[in-house]
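Asker: Quick one: the structure is below, questions incoming.
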Amino acid sequence: MPFALNAMRQSGNHEGSAITSTVLAFMGVAGYSNVIFIPSVKHWYFTNIWGVNQFYVPSRTVYPFGIPVNTEQIVTIHVFSAILLASLITLQWIIMLRKSRTSQTILWHRRIGTFSIVIVLPIMALFGIFSSMYVLRTPFNQVTYAALPLIISACLIASVNSAIKGKFVAHLDYAYSAFIVLCSAALYRWVCLIIYLISGHSYT
């Protein structure tokens, strides 16, 4: 994340973009906010369970498209595909937003982008929707959380489409938007933590 921010600061190739210094700072906050997931991943690693206390993913078999899948497996695939997608987007910032770029750099940018859009994004989005459908309990949470992977997908597809048309400012802006929405779950946890620390009451 620091390398990505430094690359963007030095670039100068995003003139006309909505990405300002303030927006760049928010990208850094959003990226670093994902450290809040470290305890959850650590807990899953040692127990194979997502969540703690009464807030955990119940282990049960569900049947998306008639295929039996365990709910813990759905969440695991979604979590790690989301982490991979965020890492790939960050890598794209690092290798492209520099003063000098070679043809080899551009080639790798396209290869990583293709892999992200064709393989990683569909897996993240599909299992994100499955997680919303089969793990979350209330209709409000199901709808709002299912909307997130759809918004991320729309932004990344629009980003690629803009690049194909040579609209690189829009390409950058859409990619930025996708990254922020991808980090929204981490930002949401920080907000809940702050509410809890200030009020002393459970944020549920």
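Asker: Inspect all residues belonging to the stretch 91-110 and state whether any of them is at positive phi, over 17 Å from the mean Cα position of the chain (by Cα) and in contact (Cβ under 8 Å) with a residue 12 or more places away in the chain. Don't jump to the end; show me each part of the working.
Answerer: Step one: filter the stretch 91-110 for residues at positive phi, giving none.
Among the residues of the stretch 91-110, not one is at positive phi, over 17 Å from the mean Cα position of the chain (by Cα) and in contact (Cβ under 8 Å) with a residue 12 or more places away in the chain, which makes the answer no.
Asker: Continuing with this model, one more query. Only one of these is crowded, with 17+ Cβ neighbours inside 10 Å and modelled with pLDDT of 80 or more: Ile74, Ile67, Ile49, Ile36. Name it.
Answerer: On the way: Ile67 fails: crowded, with 17+ Cβ neighbours inside 10 Å; Ile49 fails: crowded, with 17+ Cβ neighbours inside 10 Å; Ile36 fails: crowded, with 17+ Cβ neighbours inside 10 Å.
Answer to the selection: Ile74.
Asker: Moving on. Across the stretch 54-88, which residue is farthest from Leu136 (Cα to Cα) among those that are hydroxyl-bearing (Ser, Thr, Tyr) and under 13 Å from the mean Cα position of the chain (by Cα)? Give the steps one after another, and end with the answer.
Answerer: Residues of the stretch 54-88 hydroxyl-bearing (Ser, Thr, Tyr): 56, 59, 61, 63, 71, 76, 81, 87.
Filter once more, keeping what is under 13 Å from the mean Cα position of the chain (by Cα): 81, 87.
Numbers: Ser81: 19, Ser87: 26 Å.
The residue in question is Ser87.
Asker: Hey, another quick one. Just wondering, is there one or more residues in the stretch 144-164 that are of a type outside the set (Gly, Ala, Ser), within 18 Å of Ala82 (Cα to Cα), more than 18 Å from the chain's Cα centre (by Cα) and surrounded by 21 or more Cβ atoms within 10 Å (Cβ to Cβ)? I'd like the intermediate steps shown before the answer.
Answerer: Restricting attention to the stretch 144-164, the residues satisfying the condition of being of a type outside the set (Gly, Ala, Ser) are 144-145, 148-152, 155-157, 160-161, 164.
Narrowing further to those that are within 18 Å of Ala82 (Cα to Cα): 144-145, 148-152, 155-157.
In the following step, the residues that additionally are more than 18 Å from the chain's Cα centre (by Cα) were identified as none.
Looking for residues that are of a type outside the set (Gly, Ala, Ser), within 18 Å of Ala82 (Cα to Cα), more than 18 Å from the chain's Cα centre (by Cα) and surrounded by 21 or more Cβ atoms within 10 Å (Cβ to Cβ), one finds none in the stretch 144-164, hence no.
Asker: Working only within the stretch 94-111, note down all residues that are out of contact with any helix residue (DSSP H, G or I) (no Cβ under 6 Å at 6 or more places or on another chain), β-branched (Val, Ile, Thr) and open to solvent by less than 70 Å² (accessible area, probe 1.4 Å).
Answerer: Once the filter is applied, which keeps residues that are out of contact with any helix residue (DSSP H, G or I) (no Cβ under 6 Å at 6 or more places or on another chain), β-branched (Val, Ile, Thr) and open to solvent by less than 70 Å² (accessible area, probe 1.4 Å), the stretch 94-111 yields only Ile106.
Asker: Mind checking which pairs have a first residue in the stretch 145-171 that is among the aliphatic types (A, V, I, L, M) and a second that is open to solvent by 50 Å² or more (accessible area, probe 1.4 Å), Cβ under 6 Å, 6 or more apart or different chains?
Answerer: Ala158/Tyr174; Val169/Gly16
Asker: If you don't mind, another one. So which residues in the stretch 52-64 are in contact with a helix residue (DSSP H, G or I) (Cβ under 6 Å, 6 or more places away or on another chain) and either free of Cβ contacts under 8 Å to residues at least 40 places away in the same chain or open to solvent by 30 Å² or more (accessible area, probe 1.4 Å) (or both)? Please lay out each step first, then the result.
Answerer: Going residue by residue through the stretch 52-64, those that are in contact with a helix residue (DSSP H, G or I) (Cβ under 6 Å, 6 or more places away or on another chain) are 57, 59-60, 62, 64.
Passing the criteria: Ser59, Arg60.
Asker: Let me ask something else about it. For the stretch 85-107, name all the residues that are part of a helix (DSSP H, G or I), within 16 Å of Ala175 (Cβ to Cβ) and hydrophobic (A, V, I, L, M, F, W, C).
Answerer: Leu85, Ala86, Leu88, Ile89, Leu91, Trp93, Ile94, Ile95, Met96, Ile106 - these are the residues of the stretch 85-107 that are part of a helix (DSSP H, G or I), within 16 Å of Ala175 (Cβ to Cβ) and hydrophobic (A, V, I, L, M, F, W, C).
Asker: Return a yes/no flag: does the stretch 189-199 have any residue that is modelled with pLDDT under 90, of a type outside the set (A, V, I, L, M) and surrounded by fewer than 12 Cβ atoms within 10 Å (Cβ to Cβ).
Answerer: Step one: of the stretch 189-199, the residues modelled with pLDDT under 90 are 189-199.
Now narrow it down to the ones that are of a type outside the set (A, V, I, L, M): 189-190, 192, 196, 199.
Add one more test, that the residue is surrounded by fewer than 12 Cβ atoms within 10 Å (Cβ to Cβ), and what stays is 199.
Within the stretch 189-199, one or more residues are modelled with pLDDT under 90, of a type outside the set (A, V, I, L, M) and surrounded by fewer than 12 Cβ atoms within 10 Å (Cβ to Cβ).
Asker: Would you be able to tell me the number of residues in the stretch 30-39 that are within 13 Å of Tyr188 (Cβ to Cβ) and over 13 Å from the mean Cα position of the chain (by Cα)?
Answerer: Start the filter on the stretch 30-39 by keeping residues that are within 13 Å of Tyr188 (Cβ to Cβ), which leaves 30, 33-34, 36-37.
Next cut, over 13 Å from the mean Cα position of the chain (by Cα) only: 36.
Matching residues across the stretch 30-39 total 1.
Asker: Could you grab me the full set of residues in the stretch 81-93 that are in contact with a helix residue (DSSP H, G or I) (Cβ under 9 Å, 6 or more places away or on another chain) and open to solvent by 50 Å² or more (accessible area, probe 1.4 Å)? Quick ask: steps written out before the conclusion?
Answerer: Here is the first cut: in the stretch 81-93, the residues in contact with a helix residue (DSSP H, G or I) (Cβ under 9 Å, 6 or more places away or on another chain) are 81-86, 88-93.
Of everything in the stretch 81-93, those that are in contact with a helix residue (DSSP H, G or I) (Cβ under 9 Å, 6 or more places away or on another chain) and open to solvent by 50 Å² or more (accessible area, probe 1.4 Å) turn out to be Ile83, Leu84, Leu91.
Asker: Now for a separate question. Hey, Met133 hits all of (1) open to solvent by 60 Å² or more (accessible area, probe 1.4 Å); (2) free of Cβ contacts under 8 Å to residues at least 60 places away in the same chain; (3) closer than 30 Å to Phe55 by Cβ but one; which does it fall short on?
Answerer: Status for Met133: all satisfied but (2).
The values are calculated or read from the model by the stated rules, or taken from the named source; none is laboratory data. The structure presented is a predicted model; accordingly, all values stated were derived computationally and were not measured. Heads up, the Cβs are rebuilt from the backbone with ideal geometry, glycines too, and the neighbour counts pull from every protein chain shown. Side chains are part of the model used for accessible areas, which takes the heavy atoms of the whole protein and leaves out ligands, DNA and RNA. Shrake-Rupley method; radii C 1.70, N 1.55, O 1.52, S 1.80 Å.
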